[in-house]
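A short write-up of the structure that comes next.
Please treat every number below as a calculation from the coordinates, not as lab data. The structure displayed is predicted, hence computed values, not measured ones. Heads up, the Cβs are rebuilt from the backbone with ideal geometry, glycines too, and the neighbour counts pull from every protein chain shown.
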Amino acid sequence: KYSREQLIEIVSGQMPEKRWKHTLGVMQTAVELAEKYGADPVKADLAAILHDVAKYWPVEQMKAVIEESSESNKELLQHDKQLWHSEAGFIVARKDYGVEDDEVLNAIRWHTSGRENMSLLDKVVCLADYIEPGRDFPGVNKIRELAQHSLEEALVAGFDSTISLLLTQRKVIYPLTVLSRNYLVQQLK
Ligand code: DGI
Ligand code: FE
Ligand code: FE
Ligand code: FE
């Protein structure tokens, strides 16, 4: 079992400076959102530290970790490589870094696609990933504004921006991304 400081060392050593700055931003924003919306800030911080741990691994390493795990979703390997790092991160967080808390593990696992019926911590980490201070994409300020009054409204806007971008790039949309977005829209009705 590693201390928070040791995990920070381990994670920051696996990514370029710029991605580590993003992670620091997600840590800060996830803690703020947790405090605002009643999630556990300590869990939000831990999930944020680890959420992109596998982002800069070689593709073959992500693939191997997903293939070797007994509880991973292998179907993910038929989809865009961009979706692999959250699953790989979820697996190594438990196996190599000693994270045992399922809420934290799930927040790491679902931070890219979301899932139907996301937990409060899932929402906090996924939204923090969209709006941390270093993020700059069309519409990010609108999402930051929405985040001040509703996690769900802000997340829908986040997923909508992801899906729109994927459409303009003619990318395959992972079905769970759409299901997550639809579930939130239903929740808001
Ligand atoms: O890891 P980050 O860059 O901080 O953010 P993230 O984990 O949300 O990953 C974003 C990337 O994932 C971005 O390049 C778009 C891609 N992505 C998210 N949902 C889908 C997707 N790509 C495809 N093809 N389909 C999806 O549904
Ligand atoms: Fe990510
Ligand atoms: Fe998000
Ligand atoms: Fe991220």
Selection within segment 1-45 - closer than 21 Å to Asp122 by Cβ and polar (S, T, N, Q): Thr23, Gln28, Thr29
Scope segment 116-127; condition closer than 17 Å to Ala93 by Cβ and under 11 Å from the mean Cα position of the chain (by Cα); matching residues: Leu121, Asp122, Val124, Val125, Cys126
All positions within segment 37-80 that are crowded, with 19+ Cβ neighbours inside 10 Å, more than 16 Å from ligand 3 (Cβ to nearest atom) and part of a loop (DSSP other than H, G, I, E, B): Val53, Ala54, Trp57
Residues being within 16 Å of ligand 2 (Cβ to nearest atom) and touching a Gly at 6+ places or on another chain (Cβ under 8 Å) - total across segment 144-179: 5
Leading residue by the ranking (surrounded by the most Cβ atoms within 10 Å (Cβ to Cβ)) among those in segment 157-174 that are farther than 18 Å from Lys81 by Cβ and within 16 Å of ligand 4 (Cβ to nearest atom): Gly158
Every residue from segment 121-156 that is more than 20 Å from Lys55 (Cβ to Cβ) and either aromatic (Phe, Trp, Tyr) or surrounded by fewer than 18 Cβ atoms within 10 Å (Cβ to Cβ) (or both): Pro138, Gly139, Asn141, Lys142, Glu145, Gln148, His149, Ser150, Glu152, Glu153
All positions within segment 11-35 that are surrounded by fewer than 20 Cβ atoms within 10 Å (Cβ to Cβ), part of a helix (DSSP H, G or I) and small (Gly, Ala, Ser): Ser12, Gly25
Meets criteria (basic (Lys, Arg), in a helix (DSSP H, G or I), more than 15 Å from Val26 (Cα to Cα) and more than 11 Å from ligand 1 (Cβ to nearest atom)) for Arg115: no
Condition met for Gly114 (buried (at least 18 other Cβ atoms within 10 Å of the Cβ) and on the phi > 0 side of the Ramachandran plot): yes
Members of segment 118-147 that are over 15 Å from Asp40 (Cα atoms), outside any helix (DSSP H, G or I) and free of Cβ contacts under 8 Å to residues at least 60 places away in the same chain: Asp136, Phe137, Pro138, Gly139
All positions within segment 65-99 that are in contact (Cβ under 8 Å) with a residue 12 or more places away in the chain, among the polar types (S, T, N, Q) and away from ligand 4 (no atom under 15 Å from the Cβ): Ser69, Ser72, Asn73
